[in-house]
1. Are there any pairs, at least 6 apart or on different chains, whose C-beta atoms fall under 6 Å, with the first in the stretch 644-668 and open to solvent by less than 10 Å² (accessible area, probe 1.4 Å) and the second of a type in the set (Val, Ile, Thr) and in a helix (DSSP H, G or I), and if so, which?
2. Can you tell me which residue within the stretch 547-560, out of those that are in a helix (DSSP H, G or I), hydrophobic (A, V, I, L, M, F, W, C) and without any contact (Cβ under 8 Å) to a residue 40 or more places away in the chain, is least open to solvent (accessible area, probe 1.4 Å)?
3. Quick one: how many residues across the stretch 423-446 are assigned to a loop (DSSP other than H, G, I, E, B) and either surrounded by fewer than 14 Cβ atoms within 10 Å (Cβ to Cβ) or at pLDDT 70 or above (or both)?
4. Just to be sure I understand, how many residues within the stretch 306-339 are among the hydroxyl-bearing types (Ser, Thr, Tyr), within 21 Å of residue 406 (Cβ to Cβ) and in a helix (DSSP H, G or I)?
5. For residue 478, indicate whether it is open to solvent by 10 Å² or more (accessible area, probe 1.4 Å), more than 23 Å from residue 408 (Cβ to Cβ), at pLDDT 90 or above and not aliphatic (A, V, I, L, M).
6. I'm told residue 403 meets every condition in (1) open to solvent by less than 50 Å² (accessible area, probe 1.4 Å); (2) modelled with pLDDT of 90 or more except one. Can you identify the failing condition by its number?
7. Determine, yes or no, whether residue 516 is of a type outside the set (Ser, Thr, Tyr), buried (at least 23 other Cβ atoms within 10 Å of the Cβ) and in a helix (DSSP H, G or I).
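The values are calculated or read from the model by the stated rules, or taken from the named source; none is laboratory data. As the structure is a prediction and not an experimental result, all values here were calculated from the model. Here the Cβ is made from the backbone with ideal geometry for all residues, glycine too, and neighbour counts use every protein chain on show. Surface accessibility is based on the protein's heavy atoms, side chains included, excluding ligands, DNA and RNA. Shrake-Rupley method; radii C 1.70, N 1.55, O 1.52, S 1.80 Å.
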Amino acid sequence: MAGGAWDWARGAPVGALTVTALAEGIRASQGQPPGPPSTGPQPEPELERGVEPGRAAAIPPAGSEPFSQPPAQEPAPEGPSSPRPHSQTPQSSLEEGALADLASYTAACLDEAGFAGTQATALTLSSALEARGERLEDQVHGLVRGLLAQVPSLAEWRPQQAALQVLSTLALEHSRDVVCALLPCSLTPDRAAAELWHSLSQNQRVNGQVLVQLLWVLKGSARSQLEALAATRALGEMLAVSGCVGATRGFYSHLLLVLVTQLHELARDPCPTDIPKVWAPSHQGLPYSHASCTVEALKALFTGDGCCMVVTCMERAGGWRRLVGAHTHLEGVLLLASAMVAHADHHLRGLFADLLPQLRSAEDAQRLTAMAIFTGLLQSRPTTRLLREEVILERLCAWQGDPEPTVRWLGLLGLGVSHESPSLQVRHVSTLLPALLGALGEGDARLVSAALGVLRRVLMRPRAPVRLLGAELGPLLPPLLEDARDSVRASAVGLLGTLVRRGRGGLRVGLRGPLRKLVLQSLVPLLLRLYDPRQDTNESSEWTLTLCDQALRWGLLEEMVTVARCNSPEALSRICHRLVQWYPSHVPRFLSQTQGYLQSPQDSLRWAAVALMGFLVHHSSPSCINQDLLDNLYQDLGQLQSDPEPTVLAAAQASTQQVVLLAQAQHPPCRGCLLGLLRLPCLGWRHAHPARPPPVYRDSPFQHHRSPAGPWGCLGPG
């Protein structure tokens, strides 16, 4: 079939014929009576455009024909059409190539006729296939494969455009078959396949249909990873073409959700097996992973829509890297939602509406991705008006009962964002607090840190329940200040500082009894964390102690800043002296809290605990500390006599001496066994409370060199 039709077409002045005559000529070349085509007569394309016949669509001479002549074939026998292209024999491959040549040749004759030329090409191809008793839709795969093999050999622009026009012709009515035929060629970076996808993207009449087909491939529940990879590559190629994103109107948010959900699925699969199977050593450069292709498609989707700032914000915040991380994907989704709120608000309402059904999806990837986007979009007030505030709050509180910790974490973040709404700050605080306070006992650090952050936001709002929170946080916050998890500890210190800042008016006039008690319970952890090797905890503790000094009027601001920035033992001694004078009844508690840090794995904290203990004992009256506590202190300090850090060992010896001296001051006539253990020289007792020499500590070698200005100035963060 193909060879005879091609021979007839080469010998006829096709450029001067109408499409009807061309179709009838093809029928005649097959030995069948000519007849009218199935559709109505088409106008002559050249005459429509006002071009002289034979000039605009002239056939190149035989010596310069850009399309290769197909090999001679025997006429195909009459009968049923051959099987689908994927199961055809080599003979069928030759027929596909000849049919592709005919299609390109016909398109070259009609390429200047615009849409009429596209219709004419389809009519001509249909006529040629009807002459064999076949249909065009049954040969789409063969045509696409023939064009794919033909495009790389076409060096001239016009023949290449003719071949691409044939592809657009096929996609106009058979977009699904065209996509299915092209996808296997898109598993690897293929230049010819990329050109075909680009041509489909540039055609405004077909690009929307093709994008929809790719979307359905990605959404298919039975798809394989290879199919998803090929569709993602194809999507990236199409969206990279300027103007193509406009064709996504109506399903933009669906496309965005599918791509982000696909990243979640890939992040949960630590061992993807698709790329090694399809990557050949002959390909240049490193293979693009499935996740990388998805990220590039997302970037193209935003860039093509004029939302370049979304891409830029994600790059600056490390959002793209987080999106592909196994443990950071949802953090990346939250960053993406925040960037869209700031720079792509025209899509937010549609996205918000489309993700609501996915919040109850049975698929974890879909549900968690939708929840993360939902949480991020709560920052957009116009978007959240799609739902009543009570409905949003009820949904977020319901997430706190989910067995999945990630769901509870997202719910806490959403509660924090929702509380910033002016209408929610007072009316719903009674609903928020039980969920937030309950999360402080969670074992997941993300949940505890999120709850602490939300509570801090609650305190920063007007008419915040400072007295209520001061009472509720009394038993909950001190253990978190000594938590081993750095993020939890830093968040707890920041929350205490905010609580003191909001309640300092009452503290100054002697009110806020629960808050005053909480501050005194937190003094030792805050002082010791000034020596924390982590700078964020160190700085947060300095800021919180500064606020406590202002609220309670200690007058120790200079000493606290000196300890925080110079680790000065003299400044620490002055602080302990004031605390013992003002709060003598709290000294045993201070010492007991300090004991817990003597076994810290961090050298700087052990040194600080030993020095703090020595100064507290030195400045304390013998009547403030009982004998049992002194014995415990002596035993704990004795365990540090073999400490591997020389500075800690020397400090432990100096503090032990202070414990012994205080014990001597309590019982002058009976020196006890403490003197015998340490073999200290006998001291004379000239009066009831002899002066004890102060402990001497060398400057801590664990100093933090920070600029005098500090990170937040004098008021701290928020």
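1. 651/610; 652/610; 655/610; 658/617; 659/617; 662/617
2. 560
3. 8
4. Residues in the stretch 306-339 being among the hydroxyl-bearing types (Ser, Thr, Tyr), within 21 Å of residue 406 (Cβ to Cβ) and in a helix (DSSP H, G or I): 1 in total.
5. Yes; evaluated as a whole, the condition is true for this residue.
6. With respect to (1) open to solvent by less than 50 Å² (accessible area, probe 1.4 Å); (2) modelled with pLDDT of 90 or more, residue 403 is out only on (1).
7. For residue 516, the condition - of a type outside the set (Ser, Thr, Tyr), buried (at least 23 other Cβ atoms within 10 Å of the Cβ) and in a helix (DSSP H, G or I) - is not met.
Results for (1) open to solvent by 30 Å² or more (accessible area, probe 1.4 Å); (2) in contact (Cβ under 8 Å) with a residue 60 or more places away in the chain; (3) of a type in the set (Asp, Glu); (4) closer than 19 Å to residue 300 by Cα, shown as yes or no for each residue.
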{"position": "175", "(1), (2), (3), (4)": "no, no, no, no"}
{"position": "200", "(1), (2), (3), (4)": "no, no, no, yes"}
{"position": "211", "(1), (2), (3), (4)": "no, no, no, yes"}
{"position": "223", "(1), (2), (3), (4)": "yes, no, no, no"}
{"position": "229", "(1), (2), (3), (4)": "no, yes, no, yes"}
{"position": "236", "(1), (2), (3), (4)": "no, yes, no, yes"}
{"position": "245", "(1), (2), (3), (4)": "no, yes, no, yes"}
